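Structure record follows, encoded as structure tokens.
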Amino acid sequence: MTDSYTKAVNSGFTKTLAKKLGLPRPAILRRFRAGDPLTVGPVLVVADDASMGDADTLAKELLGWGLDVRRQPTDDTRWGAVLLVLTETKRPTDVSSAVLATGSVLRRLATNGRVVTLSRAAADGDAPALAAARNGVDGFLRSLAKELRAGATGNGIVLTDGVAVNGTSVLATLRFFLSARSAYVDGQLLPVGPADADLPADWDRPLAGKVAVVTGAARGIGAAIAKTLARDGATVVCVDVPAAGEGLARTANAVGGTALQLDVTADDAGRRILEHARTRHGSLDVVVHNAGILRDKLLANMKPAQWDSVVAVNLEAQLRINEQLLGSGVEGLRIVSLASTSGIAGNKGQTNYGFSKAGVIGHTRATAPWAAAHGGTANAVAPGFIETEMTASIPFATREVARRLNSLQQGGRPADVAEAIVFLASPASAGVNGQVLRVCGQNLVGR
């Protein structure tokens with residue numbers, strides 16, 4: 001499904017007309033292509049006085065990535081990114097000079113530029129002033145992201161458990177937020193802790209040698225996930241129901257993986273997935289719970305089958321598979337589940353779907369310690385409006401409104417969801433656990 005409006009207001013006569021009429025002009029988002037530079041211009045690193053040491057450390061890391069890093073704003077630079085370091089802020093008044101310095105360069109932030117904050121999480125026992133300053137960064141970042149234009153995004157990394165600013169997962173998250181891989185991730189604050197992991201030898205193939213399973217892989221978002229996992233080095237097991245066999249085979253062939261025809265609601269689904277992965281590929285490292293269904297209906301009109309089937313596929317199947325995999329002692333497993341903004345903000349006619357997706361968020365947080373005990377992680381991705389066959393069937397007016405109700409004023413693509421999942425599945429992201437990453441262009445409802 002294409003967004004013809006966004007294309008129209010970014011080319012030719014219609015671009016000029018839209019500008020004269022003051023119409024919204026969503027930017028063409030820059031998405032990942034191998035060989036493209038990490039950012040679209042120089043990176044400005046800004047910090048409050050107390051955080052200057054951490055800012056120096058991060059600047060050195062960025063220089064090691066081959067980026068053009070500056071420490072002072074200039075009037076003649078088109079900035080690719082601004083990194084605002086507030087990790088050692090102690091009081092709300094400490095941040096003034098750093099945030100205003102950031103504001104002074106925003107008009108020169110390039111199209112598809114990035115603003116990333118680094119701060120520390122408020123913790124029990126913090127002094128009131130310290131807690132206020134740390135929580136204040138959250139509200140600042142979410143508000144700033146809504147002010148950015150031309151495809152630029154703002155996201156934050158929240159350091160937990162005393163992790164160093166150059167910790168493995170901190171750097172992996174920073175690289176993701178700076179890159180085109182995070183094109184449709186906006187206004188998000190992701191907690192990151194310590195990780196017993198190394199940075200990848202090849203940033204373009206962080207999953208080399210890993211075996212990943214994707215449920216619901218025959219088409220749409222599932223097929224995009226499988227392709228992106230394979231692009232980044234993984235061997236992929238594609239899972240879907242027998243009725244989707246043709247599409248499943250097509251996806252598996254496209255990624256050089258194997259196909260497993262399986263109903264995820266089967267009592268032994270987890271055991272069959274594990275047996276297939278180990279027998280055909282020798283191990284199992286990543287499971288992506290993508291399979292899901294819709295049975296939309298107002299609650300007053302909903303039949304038992306419409307409620308029960310959605311809960312069975314979208315929620316109970318994930319729980320059962322996780323129990324079987326972790327109960328079998330699989331070590332180092334990365335579990336990534338598909339939630340939805342409907343499970344965060346709700347949606348009319350989707351009480352069943354909203355329940356199931358909020359349940360995914362709940363079980364992800366509860367599964368995280370269990371996964372960590374086996375050296376793994378459990379996280380979720382919550383997509384907003386994504387351009388798929390399903391959303392293409394929505395009536396035109398409703399579809400247009402849904403597309404524009406986010407800071408980027410457009411729908412995302414299946415590849416945007418896939419990029420977030422691959423990031424969370426990568427070994428270097430081990431310090432991200434029990435989290436929900438929204439891929440919604442900063443939808444205007446919900447957190």
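Of the residues making up the stretch 367-389, those that are under 14 Å from the mean Cα position of the chain (by Cα) and of a type in the set (F, W, Y) number 1. Taking the criterion of being in contact with a helix residue (DSSP H, G or I) (Cβ under 7 Å, 6 or more places away or on another chain) and either surrounded by fewer than 19 Cβ atoms within 10 Å (Cβ to Cβ) or modelled with pLDDT under 95 (or both), the residues of the stretch 70-87 that qualify are R71, P73, T77, R78.
Applying a threshold of 9 Å to beta carbon distances and a minimum spacing of six or more residues, or different chains, the list of pairs starting in the stretch 41-53 at a residue that is closer than 11 Å to A101 by Cβ and ending at one that is assigned to a strand (DSSP E or B) and of a type in the set (G, A, S) reads L44/G80; L44/A81. Considering (1) at pLDDT 95 or above; (2) assigned to a loop (DSSP other than H, G, I, E, B); (3) more than 17 Å from N135 (Cα to Cα), the lone condition that A101 does not fulfil carries the number (2).
Note on the stretch 4-36: residues that are surrounded by fewer than 16 Cβ atoms within 10 Å (Cβ to Cβ), free of Cβ contacts under 8 Å to residues at least 40 places away in the same chain and not in a helix (DSSP H, G or I) total 5.
In the stretch 137-165, how many residues are assigned to a helix (DSSP H, G or I), surrounded by fewer than 18 Cβ atoms within 10 Å (Cβ to Cβ) and of a type outside the set (K, R)?
First, the residues of the stretch 137-165 that are assigned to a helix (DSSP H, G or I): 137-147.
Those still in the list that are surrounded by fewer than 18 Cβ atoms within 10 Å (Cβ to Cβ) too: 138-139, 143, 146-147.
Subset that is of a type outside the set (K, R): 138-139, 143, 147.
Number satisfying all stated conditions: 4.
Taking the options G343, G362, G431, G384, name whichever one is free of Cβ contacts under 8 Å to residues at least 40 places away in the same chain and crowded, with 22+ Cβ neighbours inside 10 Å. Just one listed residue meets the conditions, G343.
Which of the residues belonging to the stretch 295-335 are among the polar types (S, T, N, Q) and within 27 Å of T391 (Cβ to Cβ)? Even if it seems obvious, please write down each step before you answer.
We begin by selecting, within the stretch 295-335, every residue among the polar types (S, T, N, Q); these are 301, 306, 309, 314, 318, 322, 324, 328.
Of everything in the stretch 295-335, those that are among the polar types (S, T, N, Q) and within 27 Å of T391 (Cβ to Cβ) turn out to be N301, Q306, S309, N314, Q318.
Answer yes or no as to whether A197 is small (G, A, S) and within 17 Å of the chain's Cα centre (by Cα). Taking the combined requirement at face value, the residue does not satisfy it.
On the stretch given as the stretch 268-327, residues that are among the hydroxyl-bearing types (S, T, Y) and more than 30 Å from N347 (Cα to Cα) total 2.
Going by the structure shown, is V422 under 15 Å from the mean Cα position of the chain (by Cα), surrounded by fewer than 23 Cβ atoms within 10 Å (Cβ to Cβ), in contact (Cβ under 8 Å) with a residue 40 or more places away in the chain and under 21 Å from L174 (Cβ atoms)? No.
Quick grid of which residues meet (1) hydroxyl-bearing (S, T, Y); (2) in contact (Cβ under 8 Å) with a residue 40 or more places away in the chain; (3) closer than 25 Å to T39 by Cα:
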{"site": "L148", "(1), (2), (3)": "no, yes, yes"}
{"site": "P194", "(1), (2), (3)": "no, yes, no"}
{"site": "W203", "(1), (2), (3)": "no, no, yes"}
{"site": "V213", "(1), (2), (3)": "no, yes, no"}
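Residue selection: A133 satisfies the criterion of being over 16 Å from A180 (Cα atoms), buried (at least 17 other Cβ atoms within 10 Å of the Cβ), hydrophobic (A, V, I, L, M, F, W, C) and over 23 Å from the mean Cα position of the chain (by Cα). Would you check if there is a residue in the stretch 50-61 being buried (at least 19 other Cβ atoms within 10 Å of the Cβ) and among the charged types (D, E, K, R)? Looking for residues that are buried (at least 19 other Cβ atoms within 10 Å of the Cβ) and among the charged types (D, E, K, R), one finds at least one in the stretch 50-61, hence yes. Applying a threshold of 6 Å to beta carbon distances and a minimum spacing of six or more residues, or different chains, the list of pairs starting in the stretch 389-410 at a residue that is of a type in the set (G, A, S) and ending at one that is in a helix (DSSP H, G or I) and exposed (fewer than 10 other Cβ atoms within 10 Å of the Cβ) is empty. Among the conditions (1) over 22 Å from A27 (Cβ atoms); (2) crowded, with 23+ Cβ neighbours inside 10 Å, G411 misses just one, which is (1).
The values are calculated or read from the model by the stated rules, or taken from the named source; none is laboratory data. Keep in mind the model is a prediction, meaning the values are calculated, not measured. Glycine also receives a Cβ, built like all others from the backbone with ideal geometry; neighbour counts cover every protein chain displayed.
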